[in-house]
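Student: Before anything else, here's the structure in question.
The values are calculated or read from the model by the stated rules, or taken from the named source; none is laboratory data. Because the structure is predicted, anything quoted here is derived from the model rather than measured. Every residue, glycine among them, receives a Cβ derived from its backbone with ideal geometry; neighbour counts consider all protein chains shown.
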Amino acid sequence: MSTELVHIGFENIIAVNRVVAMLSPIQQPTKRLIQEARNKGVLIDATHARKAKAVVIMDTGHIVLAAISAETIAKRLDTSRGIDSFKSGIDEEEK
C-alpha cells in the first residue's frame, strides 16, 4: 500500500490514508474536540498562526488544524489523483 500525501498549506503535508474526517471548525462540538485534543497533547496546529478553516481527524487520534478549507484539501486530493469529481457548493439538504 502506498502512502498518498496532500498539501494542507504552509509546506505541511498529511497522509490521506490516515484521515478519518475533515470538519469545519465553526461548530461547537468540533471546538470541544479541538480543546480536548489540546488538553491531551494530540493537537497539531498547521495554521502558522492563522485562522483554522479545517479540522482533520486522523486515525491515530491526532487532530490537525489547517488554514485552508476542507473543500480545498479535497480538491487538491482529486487533482493529484487526476479526478475532477469534487462538487463544491451547498448540498440540497443544506439549503
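Student: Since Ser24 meets every condition but one in (1) touching a Leu at 6+ places or on another chain (Cβ under 9 Å); (2) touching a residue at least 24 places away in the same chain (Cβ under 8 Å), which condition does it not meet?
Tutor: Exception for Ser24: condition (1).
Student: Sticking with this one: Restricting attention to segment 51-95, which residues are among the charged types (D, E, K, R) and at pLDDT 95 or above?
Tutor: We begin by selecting, within segment 51-95, every residue among the charged types (D, E, K, R); these are 51, 53, 59, 71, 75-76, 78, 81, 84, 87, 91-95.
If the condition is that a residue be among the charged types (D, E, K, R) and at pLDDT 95 or above, then Lys51, Lys53, Asp59 are the ones that fit.
Student: So, in segment 70-82, how many residues would count as being surrounded by 16 or more Cβ atoms within 10 Å (Cβ to Cβ) and without any contact (Cβ under 8 Å) to a residue 24 or more places away in the chain? Break it down stepwise before answering.
Tutor: We begin by selecting, within segment 70-82, every residue surrounded by 16 or more Cβ atoms within 10 Å (Cβ to Cβ); these are 70-77.
Remaining after also requiring without any contact (Cβ under 8 Å) to a residue 24 or more places away in the chain: 71-72, 75.
Residues flagged as surrounded by 16 or more Cβ atoms within 10 Å (Cβ to Cβ) and without any contact (Cβ under 8 Å) to a residue 24 or more places away in the chain within segment 70-82 amount to 3.
Student: Something else now. Just need a number here: residues in segment 1-60 that are assigned to a loop (DSSP other than H, G, I, E, B), touching a strand residue (DSSP E or B) at 6+ places or on another chain (Cβ under 7 Å) and loosely packed, with under 12 Cβ neighbours inside 10 Å.
Tutor: The qualifying residues number 2.
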